[in-house]
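Here is the structure we will look at.
No lab work stands behind these numbers, since they all come straight from the coordinates. All values reported here derive from a predicted model rather than from experimental measurement. Positions of Cβ are backbone-derived with ideal geometry, glycine not excepted, and every protein chain shown enters the neighbour counts.
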Amino acid sequence: MKLALFGGLYSNYLALESAIADARQRNVDAAYCLGDLGAFGPYPDRVFPILHQHNIACVQGNYDDSIGNELNDCQCGYTDPQDNHFAQISYDYTLANTSDQNKTWLRSLPKEIRLQCDELNVLLCHGSPRRTNEFLWESNSSSAFLNRLADEHQADVIVATHSGIHWQRGLNHGRRFVNVGVLGRPENDGNTNVWYAVISTGKDAKPSALLCSVRGLTVPVSVEFIPVHYDHQRLAAEMQSERLPDEFVQTVLTGWWTTCLEILPSLERRGGKY
Amino acid sequence: MSHSDVASVPEIELRSLDELWFQVAGTVCNLTCNHCFISCSPQNHSFQFLSYEQVDAALQESVAHGVREYYFTGGEPFLNKDLVRMLKRTLEFGPATVLTNGTVLKREWLEELRAAEAEAGFSLEFRVSIDGPTAEINDPVRGAGTFDLAITGVALLCKLGLLPIITMTQTWDDSQNLEILAAFRDVLKTHGCDRPRLKILPRLKIGAEEKRTEGYQQTERITAAMMQDFDRDQLLCHHSRVITNRGVYVCPILLDADHARLGDTLNESLGSFPLTEGACYTCYQFGAICSNSTLRPQESKT
């Protein structure tokens, strides 16, 4: 089995189109989105028909819950006033520009999707299996904790997004935690591309796959992180024409995060410019 | 508080042990801040230092609980001569945060820790307490000369790329918060810190702070009704415990409350806790203020 896993879209329909085209070339069996369809980018309604056309099932992210239910904010949980200022601009724009029909659909999305891949239990969630808006960063999640999540949620592979930077870790018995990154914006590393992940199991796994040994099974699992290049200058121009903050536009054009940095642990923060 | 309210003091269960705290310097501190909620000072030995062996044993025990991250507090943690070794050991298990006053930091310690952090791949956070952007605001609370000493420590951390989080206990009106944050960003910039991480924390009206200003009113308590539909993750006691030399406590704030001691070992300390204290009310209002808050508020809906 071969799956394409897309993280937060943040209205970046151009990156979504590029990622889908890339995934088709790789002959994936299915593609899923892990939530946060809106935020940050322009024209939030544009990602919906693309997802429907390609039968991409979605998990509900905190942003989708907020927009779908017309809550007051995105539930990102920033505590810094400047971060909240920018988050609110983005949220108010997305709320105002998402159709009622799409809000209804966002409300209907599940908090998690469970798949059987070559008899392995694969759990797709947004932030963490236990909490939609929990940030799981590589540098602040111990392996003991990730093993506990896998135990408590009966998952052999946990797949999440939300934090915005891709990473993975092998767990006990060859189980796996995978954060697929996001398609919505670059990863704060000075590059303008975005990322998604391909997870392959069984006969589709890469030769370099690690073996997952659970319940008497031994199944190879491989994880590839795929860089996606898209027309980021067009996205930036559209964001400007929609009068979204220049700080957001600069992120698209430079690959550095300029706002909402308070949530980053020290190691991830140090990897950025601001 | 009425009789019916007393009868309805809510209990909170330990949902899971996400953060393990070490009261590594006990209540011993080189400073005597007059707002300290556990009245730390050079003379306060009611809680004493933890040994390296105690910390190591707890780290090993913590794996079975699936602990996510570790916190080191006091008193002033860097007064414990084994702290650097403890932090290096901790980074083999997971991320660590140390709450320091920033006044006794040594370059060689920080260089060693920076290297250990890079090798481990887990973040080591420094939370430095400075109670305002000027000596005029900070020193009346933390002691004469402490602002300059702490800023020197912060500058050293920044020079080594350690990106400290500055925590300020708020002794000013809410309306001044933005101005205070802006002023602190400017101060940090002049000391070579161009990526400021600033947090304003509420006062906890117990310990020395109770004597400095006032204690909690009897009305400032969590009731059972307040817990309905409340996101319990916002309370530290829902996902943390504290190792001290006198046993395991429910949280790092309530060390002076006898019933906050839950047992001798972690396994004895996993039961529920009655939210009886005024400080619980502050935690309820502001959310797990001591931690780096990976569990963000989430709107609860049916």
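Coordinate range of the alpha-carbon atoms in region A:118-274 per principal axis, descending: 56, 30, 24 Å.
The alpha carbons of region B:51-90 stretch over 30, 16, 14 Å along the principal axes, in descending order. Among A:CYS125, A:CYS33, A:CYS76, the largest mean-square fluctuation in a Gaussian network model of chain A (Cα springs under 10 Å) belongs to A:CYS76.
Calculated from the alpha-carbon coordinates, region A:1-45 shows an Rg and a Dmax of 11.0, 34 Å respectively.
Note on region B:263-281 and region B:72-100: Cα centroid distance 23 Å, given to the nearest whole angstrom. Pick out which of B:ALA288, B:ALA120, B:ALA57 has the largest mean-square fluctuation in a Gaussian network model of chain B, springs linking Cα atoms closer than 10 Å. Checking each option, the largest mean-square fluctuation is seen for B:ALA57.
For region A:68-146, give the magnitude of the charge dipole about the Cα centre (Cβ charges: +1 Lys/Arg, -1 Asp/Glu; no others), in debye to the nearest 20. For this selection, approximately 260 debye. In the protein assembly as shown, the DSSP beta bridges split such that about 45 percent are antiparallel, to the nearest 5. For B:CYS193, B:CYS283, the sequence from fewest to most other C-beta atoms within 10 Å is B:CYS193, B:CYS283. May I ask you to list the residues of region B:249-288 whose amide nitrogen lies under 13 Å from a point 7 Å from Cα along the Cα→beta-carbon direction of A:THR79? Hits in region B:249-288 for A:THR79 at 13 Å: B:283-288.
Taking trypsin sites (Lys or Arg not before Pro) as exposed when DSSP calls them loop and at most 12 other C-beta atoms lie within 10 angstrom, chain B has its longest site-free stretch at B:107-300.
Using θ = phi - 60° and the Karplus curve 6.51 cos²θ - 1.76 cosθ + 1.60, what whole-Hz ³J(HN,Hα) does each residue of region A:145-160 get, with Gly and Pro shown as x? In residue order, the calculated couplings are 5, 5, 4, 4, 4, 5, 5, 5, 10, 6, 10, 8, 9, 9, 10, 9 Hz. Helix-only arithmetic for the protein assembly as shown: the sum of -39500 (n - 2.57) across DSSP H runs with n ≥ 4, divided by the residue total, places the mean residue ellipticity at 222 nm at -9000 deg cm²/dmol.
The magnitude of the dipole of region A:165-225, with charges of +1 and -1 set on the Cβ of Lys/Arg and Asp/Glu and taken from the Cα centre, is near 300 debye.
For chain A, the dipole from Cβ point charges (+1 on Lys and Arg, -1 on Asp and Glu) about the Cα centre works out to 800 debye, to the nearest 20.
Normalising by residue count, chain B has a Cα convex hull of 140 Å³ per residue.
Taken residue by residue and averaged, Cβ atoms of other chains lying within 10 Å of the Cβ of B:16-26 number 1. Put +1 on the Cβ of each Lys and Arg and -1 on the Cβ of each Asp and Glu in the protein assembly as shown; which of A:PRO44, B:LEU110, B:GLN234 then has its Cα farthest toward the positive end of the dipole? Farthest along the dipole direction, towards plus: B:LEU110.
Note: relative contact order over chain B, using C-alpha pairs below 8 Å and six or more positions apart, is 23 percent. Summarised in one figure, the compactness ratio Rg/Rh of region A:1-145, Cα atoms and Kirkwood Rh, is 0.97.
Rank A:LYS203, A:LYS103, A:LYS111 by mean-square fluctuation in a GNM of chain A with C-alpha springs under 10 angstrom and give only the top-ranked residue. The residue that fluctuates most here is A:LYS203. For B:LYS199, the lysines whose Cα comes closer than 20 Å to its Cα, not counting residues fewer than 8 places off in the same chain, are B:LYS189.
The H on the amide N of B:PHE72, modeled in the peptide plane, is under 5 Å from the matching H of B:PHE22, B:THR97, B:VAL98, B:LEU99, each at least 5 residues off or on a different chain. Taking 7 Å steps out from each Cα toward its Cβ at A:ASP92 and B:ALA64 produces label points 5.4 nm apart.
Against chain A, whose longest principal axis is taken from its Cα atoms, helix A:81-96 shows a tilt of about 90°.
Put +1 on the Cβ of each Lys and Arg and -1 on the Cβ of each Asp and Glu in region B:31-186; which of B:ILE130, B:GLN54, B:THR146 then has its Cα farthest toward the positive end of the dipole? Going by the charge dipole, the pick is B:GLN54.
Our note on the geometry: Cα centres of region B:14-32 and region A:88-106, 43 Å apart. Our analysis of the protein assembly as shown gives Rg over Rh at 0.97, with the two radii drawn from alpha carbon positions and Rh computed by the Kirkwood formula. Selection among B:PHE93, B:ALA120, B:THR223 by position relative to the dipole of chain B gives B:ALA120 as farthest towards the positive end (Cβ unit charges, Cα centre). Less than 5 angstrom separates the built amide H of A:VAL214 from those of A:VAL219, all sequence-distant by 5 or more or on a different chain. Quarter the surface of the alpha carbon convex hull of region B:28-164 and you get the mean projected area, 8.3 square nanometres.
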